Amino acid sequence: MANPKILIADDDKNICELLRLYLTKEGYETVIANDGEAAVEMYESAKPDLVLLDVMMPKMDGWEVCRRIRAAGKTPVIMLTAKGETFDKVLGLELGADDYVVKPFDSKEVVARIKAVLRRCAPAQEQTDGVIQYDKLSVDLTRYELRVDGKTVEAPPKELELLYYLASHPNRVFTRDQLLDEVWGFEYYGDSRTIDVHVKRLREKLENTSDQWSLKTVWGVGYKFEVKE
């Protein structure tokens, strides 16, 4: 599957270059437009998977570009705005934008927002059915239900999401920061040790359930959902 393509539309070339560097590092393809008319043309020719769209641009503002993109299809749009007024945010969302980021922004936050929006907007056929099952274990994100040895076990949403993510990638090791990015996303800027707390609670609920799988600590790195081959 090809890497997602991101259209960066902003008249500030420094911001475009900064975002291009970060997104390329994260494995995305990028195309750039420095005014509204060019953004519409690039959208039509490049067919991006997501658009980062500045509000204040020459020739055509971001609101109008967003209207045209939304009239043409359902490509996700994240608005970039230097204004923090509620009116701007509401207008952007009413026009069909999927999210907004207020400048000055942290590039890591923008990447996290992009990941979250792409996940949310993925076609249904590309998504999993939301259920992961192993011996005596079922994690159901459609119902937010954890079943251990046939019994429903109470678990907060983030515990379920963390377990689901790890179990979706068996035997792969993730750092705490990677898990924060993937499970907590842009909403969380706290201590990465919160992962340790959640894993500890999950282990208490899963202890001695099966000898086929386990939540493992990889010392000095992070965690993995280990499955016996």
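A few points about this structure:
- With all protein chains kept in place, the per residue accessible area of the chain amounts to 55 square angstrom at a probe of 1.4 angstrom.
- Nearest-ten-degree value, helix 157-168 long axis tilted from longest Cα axis of the chain: 80
- Extreme residue, positive dipole direction of the chain, given options Pro104, Gly130, Met57 (C-beta unit charges): Gly130
- Placed amide H near Lys103: partners under 5 Å, 5+ positions off or other chain: Thr81, Ala82, Lys83
- For the cross-link pairs Lys25/Lys115; Lys158/Lys205; Lys115/Lys216; Lys136/Lys216; Lys25/Lys224; Lys47/Lys74, the ones whose C-alpha atoms lie over 21 Å apart are Lys115/Lys216; Lys25/Lys224.
- Solvent exposure, largest accessible area first (probe 1.4 Å, DNA, RNA and ligands not counted), of Thr81, Thr142: Thr142, Thr81
- For the set Met56, Met79, Met42, the ranking by accessible area, highest first and with no ligand, DNA or RNA atoms included, is Met56, Met42, Met79 under a 1.4 Å probe.
- Annotation: amide H-H contacts under 5 Å for Ala97 (H modelled 1.01 Å from N, sequence separation of 5 or more, or interchain): none.
- Extension gain from Gln178 to Arg203, taking 0.36 nm per residue of separation minus the Cα-Cα distance: 7.0 nm
- Accessible surface comparison of Asp35, Asp10, Asp61, probe 1.4 Å, protein chains only, largest first: the order is Asp61, Asp35, Asp10.
- The fraction of accessible area contributed by carbon and sulfur in the chain is 49 percent, rounded to a whole number (1.4 Å probe; ligands and nucleic acids excluded).
- In the chain, the longest principal axis of the Cα atoms and the axis of helix 194-206 are about 40 degrees apart.
- Note, ³J(HN,Hα) from phi for the range 135-145, Karplus 6.51, -1.76, 1.60, rounded to Hz, x at Gly and Pro: 3, 6, 9, 9, 10, 10, 7, 6, 10, 6, 10
- Inter-label distance for Asp135 and Arg67, nm, one decimal - labels placed 7 Å from Cα along Cα-to-Cβ: 6.2
- Of all DSSP bridge pairs formed entirely within the chain, close to 55 percent run antiparallel.
The values are calculated or read from the model by the stated rules, or taken from the named source; none is laboratory data. Fair warning: this is a prediction, and the values are worked out from it, not measured in the lab. Here Cβ is always computed from backbone atoms with ideal geometry, including for glycine, and neighbour counts include all displayed protein chains. Surface accessibility is based on the protein's heavy atoms, side chains included, excluding ligands, DNA and RNA. Shrake-Rupley method; radii C 1.70, N 1.55, O 1.52, S 1.80 Å.
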